[in-house]
Amino acid sequence: MSFQQGLSGLNAAAKNLDVIGNNVANSNTIGFKGSQAQFADVFANSLTGATGSAVGIGTSLSAVRALFGQGNINVSANPLDLAINGQGFFRVSANGTASYTRSGQFQLDKDGYIITANGSRLTGFAAGASGTVVTASPTDLQISRSDIPPVATAAAVVNVSLDSRSTAMPAAKFNLNDPSTYHSATSMSVYDSLGNAHTLSLYFLKTASNAWSVFGANDGVQIGATSTTPLGTLKFDSAGAIDTTATSLPFNISTAVATGATTPLAFTLDFAGSTQFGSSYGVNALNQDGSTSGRLSGFAIGSGGIVLGRYTNGETRAQGQIVLGNFPNPQGL
């Protein structure tokens, strides 16, 4: 009997080495969870029940448990190499059958689906045409290679600092082709409904103490009913800030375009934050909400699982969000 007890110990040790060997063999397997051998004492059955002097008859391997602790996270140059920080599993689908994995090595197939090495598709929430993630049922995530449409400018914001030391002159003298008839100028791009860029030029002319007329031109053609019609007037208080009681903002701009796009191009022009101080003229910010069409130039996946497409027009747009699965008892999988 003692020979059988010793032999059971050798068998248990061999199985423990099998578990250790499997852990070592998979040390470079991404998403692999190491295992631990668990052993149990073995006693012979007795009709009269166990006694305090009972001697065991050896040991046995009772279970091999996976260790679900957090592994190391390594940096990779592949934007589709993902890692889960904490609990959870990637949910993948193969012909409609869902399965779960901790391995985050993904790639794109010819149709733009994010897949594992064996072809299972990563699932998550899809995004609508505007880039809004729709949190409905998980679906196969696909990187769309379609261009995003242009967006016509609807609002523009200009932040400038005008020089209060400038000498006032009558607005009737303004001539966009004569720099001596205005004090300062700047320009920015705005976009029509087809994504064509137009140059909006702005000219600032001081007409009285703390009062400035703002003239504009689209692609070199002055905007306004007459050559002396400004887009609007900016009035400042004694502290150099815009006097909101005497200035009507934003300005409403309407200018004709001849590109086949919707005409006129209409948008609002705000000067929020602009100032007038006793210092040289400067442009602090030029912003507008339009854009030309964009072609997919790359993509990235953020810490929240959002798949962001990068486009040639400088825009980013969500293409979906990865969904993780979790289980109350991972050992039961």
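The values are calculated or read from the model by the stated rules, or taken from the named source; none is laboratory data. Remember, predicted model here, so these are calculated numbers, not experimental data. Here the Cβ is made from the backbone with ideal geometry for all residues, glycine too, and neighbour counts use every protein chain on show. Surface areas here come from the heavy atoms of the whole protein model, side chains and all, with no ligands, DNA or RNA. Shrake-Rupley method; radii C 1.70, N 1.55, O 1.52, S 1.80 Å.
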Normalised contact order of the chain, rounded percent, pairs of Cα under 8 Å and 6 or more residues apart: 17 percent
Extension gain from ALA285 to SER137, taking 0.36 nm per residue of separation minus the Cα-Cα distance: 49.0 nm
Fraction of alpha-carbon pairs over 25 Å apart in the range 184-333 - percent: 49 percent
Cα-based equivalent ellipsoid of the range 174-226: semi-axis lengths in Å, sorted from largest, via gyration tensor: 24, 11, 10
Cα-based Lys proximity count in the chain, under 25 Å, for pairs eight or more positions apart or on separate chains: 4
Spacing of the two label points (7 Å from each Cα toward its C-beta) at SER303 and ASN78, in nm: 2.4 nm
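Between SER189 and GLN87, what is the FRET efficiency for a Förster distance of 45 Å, r being their Cβ-Cβ separation, to the nearest 0.05?
Working: r = 48 Å, r/R0 = 1.06.
Efficiency, rounded to the nearest 0.05: 0.40.
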Debye-sum result for the range 205-283 in log10 I(q)/I(0), which assumes one identical scatterer on each alpha carbon, at q = 0.11, 0.17 Å⁻¹: -0.34, -0.74
Rg(Cα) / (2.2 N^0.38 Å) computed for the range 46-172, rounded to two decimals: 2.21
Rounded FRET efficiency, nearest 0.05, which uses the C-beta distance separating ASP111 from ASP178 and R0 of 41 Å: 0.10
Accessible area per residue, Å², the range 78-152 with all protein chains present, probe 1.4 Å: 54 Å²
Quarter of the Cα convex hull surface for the chain, i.e. its orientation-mean projected area (nm²): 30.4 nm²
Lys, Arg +1 and Asp, Glu -1 on Cβ, resulting dipole of the range 1-124 about Cα centre, debye, nearest 20: 140 debye
Size of charge dipole - the chain - debye, nearest 20, with Cβ of Lys, Arg +1 and Asp, Glu -1, no other charges: 580 debye
FRET efficiency, 1/(1 + (r/R0)^6) with R0 22 Å, evaluated for SER254 and SER227 via beta carbons: 0.85
For SER2, solvent-accessible area (1.4 Å; no DNA, RNA or ligand), Å²: 90 Å²
Contour excess over end-to-end distance, with Cα ends at VAL64 and ASP243 and 0.36 nm allotted per residue: 56.8 nm
Karplus-derived HN-Hα couplings along the range 254-270 (A = 6.51, B = -1.76, C = 1.60, θ = phi - 60°), whole Hz, x at Gly and Pro: 9, 9, 6, 10, 10, 10, x, 7, 4, 10, x, 7, 10, 7, 9, 10, 10
Angle between the chain longest axis and helix 2-25 axis [Cα atoms, degrees, rounded to 10]: 20 degrees
Cα centroid of the range 120-176 to Cα centroid of the range 236-307, whole Å: 10 Å
Accessible-area order (highest first, 1.4 angstrom probe) of the listed residues LYS206, LYS110, LYS15: LYS110, LYS15, LYS206
